[in-house]
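Each remark here refers to the structure printed beneath this line.
The values are calculated or read from the model by the stated rules, or taken from the named source; none is laboratory data. This one's a predicted model, so the numbers in the text were calculated from it and none came from an experiment. Glycine also receives a Cβ, built like all others from the backbone with ideal geometry; neighbour counts cover every protein chain displayed.
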Amino acid sequence: MFGRASMAACAVAVAGSAFVGFSGGVANAAPGCPDVHWMGAAGSGERTPAEVAAYEGMGRVIYQSYQELAAQLEEEGRTITAEAVNYPAKDVPIDAGVLDWADYMGSVDTGTAALGGQYAAFTAQCPETKVVLAGYSQGAMVVHRNLHAIGAHPNLAAALLIADGDRIPDDTTVNIGSASTDPEKTGGAAQDWPILAHAPAKLPANIGVRTISVCDAGDAVCDYDPDVDEVSPAAVAIHTSYTTADSDGQMWTWMVRQLLGPPTAEQTPQQPEVPTTRA
């Protein structure tokens, strides 16, 4: 586990350096625009009024991740804003028929289109701001399905996919967690029926290196087992256990921070000068 995490950290450090070089000619953020903007996509069932009120429409783990990153950037003198992807994030249908699953995939499609539109609108308004896209579960699918189109866009600094239903075990992404990267494994649940679910293909390497994929073994969604007739409570418990409070959560927050690159001289807080006294 430590070895995989170390390799992932090295990959992100290299990607962060490359991204800084790629955008080095860009000036500071335009007046009224932040240095960094976070777009968070909630998971299934996380867009109820109570959830929206508690986590600003992003869902628990994505909102936690945003708060952790915001605290780090504030210490560096950088500004950050956030918005939730405006989509239904419908609950996963239990013992449902084809029409129910079609309705669920319609929620994914709506979210995918919504995020694409929100990203285009924001970057048109703030063309010098670095953007982080983050999603959990169904929300990770919403983010993932935009990456082929906008993953190489100069504003996009990082993507964070937690418990992604579209996960491909041997994708080019930077991987965190205990899930297998064996290409013979199914990966995300949508990859078990890729045509019906129109699941995405592997990401180009230049996009994958800026995409952090978090998945633990046995997760009901991102480490789907097609041979199991019924999802177990243990698999659901794994899927709902991601948190920024453990070592993996600290790692993915650190990786996103690395992909943003260091603050500029203008962003770094200036230490007050200590007056000197003469003898």
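Computed quantities for the displayed model
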item	result
Cβ pairs under 9 Å, 6+ apart, first in segment 80-92 and among the charged types (D, E, K, R), second in a loop (DSSP other than H, G, I, E, B) and surrounded by fewer than 20 Cβ atoms within 10 Å (Cβ to Cβ)	Glu83/Glu56; Lys90/Gly45; Asp91/Gly45
Hits in segment 51-64 - residues which are under 14 Å from Pro88 (Cα atoms) and in a helix (DSSP H, G or I)	Glu51, Val52
Qualifying residues in segment 39-64 (those that are under 27 Å from Ala120 (Cβ atoms) and of a type in the set (A, V, I, L, M)) - the one surrounded by the most Cβ atoms within 10 Å (Cβ to Cβ)	Ala41
Pick from segment 84-103, criterion surrounded by fewer than 19 Cβ atoms within 10 Å (Cβ to Cβ) and closer than 30 Å to His37 by Cβ, ranking: modelled with the lowest pLDDT	Asp91
